[in-house]
Amino acid sequence: MALIPFPLARPFLFGLDPEHAHDLTLAALARIQRTPLIALVEQARVDDPVSIAGLMFPNRVGLAAGLDKNGRCIDAFGAMGFGFVEVGTVTPLAQPGNPKPRIFRIPPAQALINRLGFNNDGLAAFIANVRRARFRARGGILGLNIGKNAATPIERAADDYLIGLAGVYPHADYVTVNVSSPNTQNLRTLQSDAALDALLSSLSARRVELAEEHGRNVPLFLKVAPDLEAAQIEAIAGILVRHRIDGVVATNTTLARDGVAGHPNAGESGGLSGAPLARRSNDVIAALRAALGPRFPIVGVGGVMSGADARAKREAGADLVQIYTGFIYKGPALVTDAARALAGA
Ligand SMILES: Cc1cc2nc3c(=O)[nH]c(=O)nc-3n(C[C@H](O)[C@H](O)[C@H](O)COP(=O)(O)O)c2cc1C
């Protein structure tokens, strides 16, 4: 599927169940990456280097977490011109996620609803995949996104994040702590003041030890939900600064259903992504920028479907942008469009 140009492949892929289309595409990409066949999906990387959180990003456009949960296709996405690639969410142990079907398209709104629930092969398999990738050696920035197993009680969530942090630390340019998926029960309660303070306090302390052990300070980012009140955003900003977290990724998918009413899939439970999320995500980015001041690194994600949408994220206050749903609807050309739209901006 990845072997034919996206405009031709899309009608075929959109005729399949979304998760099946996804699995076929990733399997094809995994096979051709690191072979000469990668030329079939290769695109020149827009050269627009920028230093954020102490890292040199080759351009401002990244792949959002969750598209490559097991880190199997890092080099394929690198070949498409992403300046950075975030893989995961990985949990300490492999887990199947929620029952299928669990991804739904809403094409008239250029949106998806998913309730995957961190299906992944676990930390050991993830690290083995990450170690094989050559993307970092070619100047790409690799983010590794960590979460908790569904079976771990929420009171013990920190244990899972600490295992994840120590496991991915030596292989990451940055690590994202994901407390904002709507599809793992109670996960989002980790965004509330006391819980977030406790979690980030443990992770920061562990990060100091890991920096010593590995001789390198790996930036820690926190990924937040779009469904936050103004007061909660301010509280999160204060906690990020207090624990010297290096950046924030805003946002994950939303529980809101604005912009999809009336579509047969609109009533599916899970997180909504794509075009209808853009404004809500931009509002959270703007509120974070106001609370955090001009220098704090913000990665903007949610509803980037065009170069203009990427620019709107920059205008809202994001330093970098990431793409997931836009890639499903628009294909690899969007990577170049977005990176060009942001070049020099
Ligand atoms: C099918 C699917 C799976 C996702 N899985 C993850 C995940 O494992 N971890 C994570 O942090 N975000 C995950 N996300 C959220 C995306 O990274 C992104 O924050 C969100 O979809 C908004 O961006 P978009 O509108 O460009 O898709 C997932 C999104 C989708 C659509």
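Quick notes on this one:
- Applying the criterion of being more than 10 Å from the ligand (Cβ to nearest atom), not in a loop (DSSP other than H, G, I, E, B) and not polar (S, T, N, Q) to the residues of the stretch 82-104, the residue that is farthest from residue 72 (Cα to Cα) is 84.
- Residue list for the stretch 336-345, restricted to those being away from the ligand (no atom under 13 Å from the Cβ) and in a helix (DSSP H, G or I): 336, 337, 339, 340, 341, 342
- Among the candidates 335, 321, residue that is touching a Lys or Arg at 6+ places or on another chain (Cβ under 6 Å), open to solvent by less than 10 Å² (accessible area, probe 1.4 Å) and within 21 Å of residue 56 (Cα to Cα): 321
- Among residues of the stretch 63-95, those that are among the hydroxyl-bearing types (Ser, Thr, Tyr) and in contact with a helix residue (DSSP H, G or I) (Cβ under 8 Å, 6 or more places away or on another chain), counted: 1
- Candidates 277, 255 - the one that is at pLDDT 95 or above, within 13 Å of the ligand (Cβ to nearest atom) and surrounded by fewer than 17 Cβ atoms within 10 Å (Cβ to Cβ): 255
- Cβ separations smaller than 8 Å between residues 6+ apart or across chains give the following pairs from the stretch 46-75 residues that are at positive phi to residues that are in a strand (DSSP E or B) and of a type outside the set (S, T, N, Q): 53/174; 53/221; 53/247; 66/88; 71/87; 71/88; 71/90; 71/144.
- Contact annotation: no residue pair with Cβ atoms under 6 Å, 6 or more positions apart or on different chains, pairs a residue in the stretch 260-273 that is open to solvent by 40 Å² or more (accessible area, probe 1.4 Å) with a partner that is more than 15 Å from the ligand (Cβ to nearest atom).
- Checked against (1) within 13 Å of the ligand (Cβ to nearest atom); (2) surrounded by fewer than 20 Cβ atoms within 10 Å (Cβ to Cβ); (3) in contact (Cβ under 8 Å) with a residue 60 or more places away in the chain; (4) not β-branched (Val, Ile, Thr), residue 107 passes all but condition (1).
- Restricting attention to the stretch 281-295 and to residues that are over 18 Å from residue 49 (Cα atoms) and surrounded by fewer than 21 Cβ atoms within 10 Å (Cβ to Cβ), the residue that is nearest to the ligand (Cβ to nearest atom) turns out to be 283.
- Residue list for the stretch 237-252, filter: under 16 Å from residue 300 (Cα atoms), buried (at least 22 other Cβ atoms within 10 Å of the Cβ) and away from the ligand (no atom under 13 Å from the Cβ): 247
- Residue count for the stretch 204-223, restricted to those that are closer than 12 Å to residue 168 by Cβ and of a type in the set (A, V, I, L, M): 3
- Hits in the stretch 303-335 - residues which are in a loop (DSSP other than H, G, I, E, B), farther than 24 Å from residue 54 by Cα and touching a residue at least 60 places away in the same chain (Cβ under 8 Å): 305, 324, 331, 332
- Top-ranked residue of the stretch 297-317 - restricted to ones that are within 12 Å of the ligand (Cβ to nearest atom) and of a type outside the set (Val, Ile, Thr), ranked as surrounded by the fewest Cβ atoms within 10 Å (Cβ to Cβ): 306
- From the options 116, 162, residue that is surrounded by fewer than 24 Cβ atoms within 10 Å (Cβ to Cβ), under 16 Å from the mean Cα position of the chain (by Cα) and over 20 Å from residue 78 (Cβ atoms): 116
The values are calculated or read from the model by the stated rules, or taken from the named source; none is laboratory data. None of these values were measured; they are calculated from a predicted model. We place every Cβ from the backbone using ideal geometry, glycine too, and count neighbours over all the protein chains shown. Only protein heavy atoms, including side chains, enter the accessible area calculation; ligands, DNA and RNA are left aside. Shrake-Rupley method; radii C 1.70, N 1.55, O 1.52, S 1.80 Å.
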